[in-house]
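Derivation of every value follows stated rules applied to the coordinates shown; laboratory data play no part. Only a predicted model underlies this, so the values are computations on that prediction, with no experimental measurement involved. We place every Cβ from the backbone using ideal geometry, glycine too, and count neighbours over all the protein chains shown.
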Amino acid sequence: MDDDIADLEDLGPLEGKSVLVRADLNVPLRPGESGTPEIADDFRITESLPTIRWLVDRGARVTVASHLGRPKGRIVPELAMAPVRRRLSELVPGVQVLENLRFDPGEEANDPAFGARLVEGHDLYVNDAFGTCHRAHASVMYPPTVLPSAAGRLLRAELDALDAIMSGPPRPFTVVAGGAKVKDKIGTLRALAASADRLVIGGAMALTFLAAQSRGVGSGTVEADQLEACRVLLGSGIAVDLPSDLLATPVVAGGGSRPAAPEVRSFFDDVPEGWLPLDIGPDTSTRFRQEIERSASVLWNGPMGVFEEPAFAEGTREIALAVAACPGFTVVGGGDTVSAVRAMGLAGSFGHLSTGGGAMLELVQNGDLPGLAALRQGNPRHSRPPGAPAEGAVGTQAV
Ligand code: ADP
Ligand code: MG
């Protein structure tokens with residue numbers, strides 16, 4: 001696709017070149033036996049391999065940079081890259097891994113001095129960290145202003161899949177939305193309502209939509225400041241499916257944690273006060289499944305319930321199975337949604353599984369991201385390599 005972002009092939013000969021790769025190696029960690037952190041799941045590392053291997057196989061010297069967790073500009077030993085470095089060197093020997101980018105306050109502050117230190121000694125830059133592209137952080141913004149730059153394979157896959165969604169995928173096009181908050185997703189839903197034929201809404205988010213239709217949601221959270229936005233979307237003419245039945249559990253006195261096997265009841269119509277709706281019910285699942293399975297394209301973001309608890313995982317599971325069974329073009333994204341489908345063993349069942357939660361929502365809403373705009377500037381087609389004479393092309397580099 002021509003979005004003016006270069007691909008790996010556009011970087012030219014790689015033999016002997018030093019390439020800085022901004023990857024997403026932000027793996028989940030757990031305490032190891034000796035107390036030092038170990039990797040709980042290395043999928044982010046294995047997913048970065050196609051780009052890294054492609055470069056290494058062509059004779060490039062590769063340095064990988066990533067953040068890990070949220071050290072907030074301070075050195076937090078438990079978030080050091082050591083375990084990631086070890087794992088990556090087992091998979092591709094000889095690759096350098098820089099220390100956690102977010103140990104330095106310059107990363108999140110987009111400090112050019114930090115960016116300049118990062119690119120020192122490198123000839124080329126590759127961004128493969130889609131999930132960070134909605135943040136104007138130094139490792140994403142600075143390198144393409146001085147180095148010929150390209151998208152890695154993971155980033156390219158994201159751009160192609162989301163471009164297909166944004167440019168009007170095959171119809172009927174159904175958007176399935178769930179998860180925690182209307183506030184996080186309403187802008188994206190509004191943008192999608194222009195091209196989608198149907199919105200299917202579950203999760204905690206659905207409660208505010210139901211409240212906007214004067215349905216009782218018991219002790220569930222209603223986002224008062226989003227009621228009007230929900231009403232506007234409901235009245236905009238697009239077909240919107242909301243839950244007909246909800247699974248709820250009694251509120252635990254004193255706000256303590258729920259028992260492992262909580263009392264669960266399903267309610268049609270109003271959920272009574274004192275009950276917390278935590279999943280869509282079977283009638284809703286069946287209706288949602290039918291809409292999803294007869295769609296020509298589906299975008300799904302956000303779990304249908306508190307899938308982390310087995311008693312409230314069924315709605316999300318049903319929807320995951322329906323999207324997997326849909327013969328059309330399917331894109332699934334969102335941090336928690338991806339965790340859910342991975343836990344269910346369905347990660348490989350979709351057209352595209354998006355790795356960037358916030359980045360996906362923002363790209364669909366705005367059509368672009370700060371990190372992508374930056375990467376465009378580094379396209380070797382119209383930026384000149386450092387030190388090379390200007391050729392009358394539109395240069396982006398300060399002289
Ligand atoms: P994603 O990361 O996929 O975009 P969100 O972060 O928006 O999804 O929401 C995921 C969270 O929403 C999950 O932790 C899930 O437990 C929670 N959730 C879903 N439905 C409900 C509900 N009915 N009540 C409370 N929490 C819910
Ligand atoms: Mg989330």
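Based on the Cβ-Cβ distance of S34 and A253, what FRET efficiency does E = 1/(1 + (r/R0)^6) give at R0 = 35 Å, to the nearest 0.05?
0.30
List the trypsin sites (Lys or Arg not before Pro) within the range 1-90 that fall in a DSSP loop (any state other than H, G, I, E or B) and whose Cβ has at most 16 other Cβ atoms within 10 Å.
Those that pass, being in a loop and sparsely packed, are R58, K72, R74.
At 0.36 nm per residue, minus the direct Cα-Cα distance, what do R190 and Q96 gain on full extension? Give it in nm, one decimal, please.
29.5 nm
In nm, what is the difference between 0.36 nm times the number of residues separating F43 and D57 and their Cα-Cα distance?
Once the chain is fully extended between F43 and D57, it gains 2.9 nm.
Give the order of C230, C133 when sorted by the count of other beta carbons within 10 angstrom, beginning with the fewest.
Neighbour counts put them in this order, fewest first: C230, C133.
Give me M141, M205, M166 sorted ascending by neighbouring Cβ count inside 10 Å, so fewest comes first.
Ordered by Cβ neighbours within 10 Å, fewest first: M166, M141, M205.
Add -39500 (n - 2.57) for each DSSP H run of 4 or more in the chain, then divide by its residues: what number comes out at 222 nm, to the nearest 500 deg cm²/dmol?
-10000 deg cm²/dmol
Find the relative contact order for the range 164-307 and round it to a whole percent, using C-alpha pairs within less than 8 Å whose residues are 6+ positions apart.
34
Remind me, relative contact order of the range 141-223 in percent, using alpha carbon pairs under 8 angstrom and six or more residues apart?
27
Helix 314-325 versus the longest principal axis of the chain: what is the Cα-based angle in degrees, 0 to 90, to the nearest 10?
It works out to around 60 degrees.
How do D128, D4 line up, fewest other C-beta atoms within 10 Å first?
D4, D128
How much length would be gained if the chain were fully extended between R265 and E15, taking 0.36 nm per residue of separation minus their Cα-Cα distance, in nm to one decimal?
83.6 nm
Can you pull the one-decimal nm distance between simple spin-label points at R342 and R117, each 7 Å off the Cα toward Cβ?
Here the answer is 3.0 nm between the modelled labels.
Which of these, E90, E158, E108, has the largest mean-square fluctuation under a Gaussian network model of the chain (Cα springs below 10 Å)?
For the chain, modelled as a Gaussian network with Cα springs under 10 Å, the answer is E90.
Below 8 Å, C-alpha to C-alpha, sequence gap of six or more: please give me the relative contact order for the chain in percent.
Relative contact order for the chain comes out at 17 percent.
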